[in-house]
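What follows is a single structure, written as structure tokens, with notes after it.
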Amino acid sequence: MRIATINRKTKETEIDISINIDGTGKQSITTGMPFLDHMLEQISRHGLIDIDIKAKGDHHIDDHHSAEDVGITLGMAIKQALGDKVSISRYGHSYVPLDESLSRVVIDFSGRPYLHYNVNFNRSHIGKFDVDLIKEFFQGLVNHASMTLHIDNIRGFNAHHQCESIFKGFGRALREATFLDKRMSGIIPSTKGVL
């Protein structure tokens with residue numbers, strides 16, 4: 001099974017993450033940011049990835065460090081769980097609507113960190129959560145999972161709907177990209193022979 005457990009501790013945050021790429025979508029998530037918890041649940045449920053996250057952070061200062069560091073640690077866990085990436089599909093994409101919002105998410109486990117993020121929000125916060133932190137979360141994840149990720153919110157005006165369509169889309173694209181393709185059995189999906 002493709003599993004990983006990561007503990008990351010800094011002066012700003014302490015984060016424990018366990019994942020099972022080949023799970024069923026079970027989750028136990030506590031980051032100190034309820035909205036982010038809700039979004040991470042979408043990744044788990046729609047990606048069929050078991051995720052356990054316990055995070056403590058300096059929320060008295062700002063949620064920035066915690067959101068970014070959860071992304072970093074989740075990225076580390078994904079990278080560790082995938083190992084040498086033998087037999088994976090490598091690429092994944094999805095289009096996910098939520099009412100008026102439509103998002104496209106495309107993943108390549110290329111070994112090269114790159115984030116394209118095209119999302120325009122009409123407000124700065126969802127409840128107490130700063131929407132700028134969505135990009136910070138994904139940037140941390142991309143950098144440490146060594147993946148290319150394109151996120152485009154094609155349309156939408158309700159910030160909650162926009163975010164939820166993005167995270168659901170990411171979960172579905174992640175499930176597709178990490179799928180073990182029997183035709184690729186024993187093969188790294190790259191002409192370089194390494195990802």
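The values are calculated or read from the model by the stated rules, or taken from the named source; none is laboratory data. This structure is a prediction, so every number in the text was calculated from the model and none was measured. Methodologically, a virtual Cβ is constructed for each residue, glycine included, from the backbone with ideal geometry; neighbour enumeration extends over all protein chains shown.
Below, the figures for the structure above:
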| quantity | calculated |
| --- | --- |
| Filter pass, VAL106 being at pLDDT 95 or above, among the β-branched types (Val, Ile, Thr) and surrounded by fewer than 21 Cβ atoms within 10 Å (Cβ to Cβ) | yes |
| Subset of the range 67-125 [among the hydrophobic types (A, V, I, L, M, F, W, C) and more than 13 Å from the chain's Cα centre (by Cα)] | ALA81, LEU82, VAL86, ILE88, VAL96, LEU98, LEU102, VAL119, PHE121 |
| GLU164 vs. criteria under 17 Å from GLN42 (Cα atoms), touching a residue at least 40 places away in the same chain (Cβ under 8 Å) and either outside any strand (DSSP E or B) or touching a Gly at 6+ places or on another chain (Cβ under 7 Å) (or both) | yes |
| Considering residues of the range 64-81 that are hydrophobic (A, V, I, L, M, F, W, C) and touching a helix residue (DSSP H, G or I) at 6+ places or on another chain (Cβ under 8 Å) only, the residue surrounded by the fewest Cβ atoms within 10 Å (Cβ to Cβ) | MET76 |
| Pairs, first more than 23 Å from GLY140 (Cα to Cα) in the range 93-118, second of a type in the set (Gly, Ala, Ser), C-beta under 6 Å, six or more apart | LEU98/SER165; GLU100/GLY156; SER101/GLY156; SER101/SER165 |
| Any hit, the range 58-65, residues being acidic (Asp, Glu) and touching a Lys or Arg at 6+ places or on another chain (Cβ under 6 Å) | no |
| Hits in the range 119-151 (condition: free of Cβ contacts under 8 Å to residues at least 60 places away in the same chain, under 22 Å from PHE179 (Cβ atoms) and among the polar types (S, T, N, Q)) | THR148 |
| The range 18-50, residues that are within 13 Å of ALA81 (Cβ to Cβ) and out of contact with any Lys or Arg (no Cβ under 8 Å at 6 or more places or on another chain) | SER18, ILE19, GLY23 |
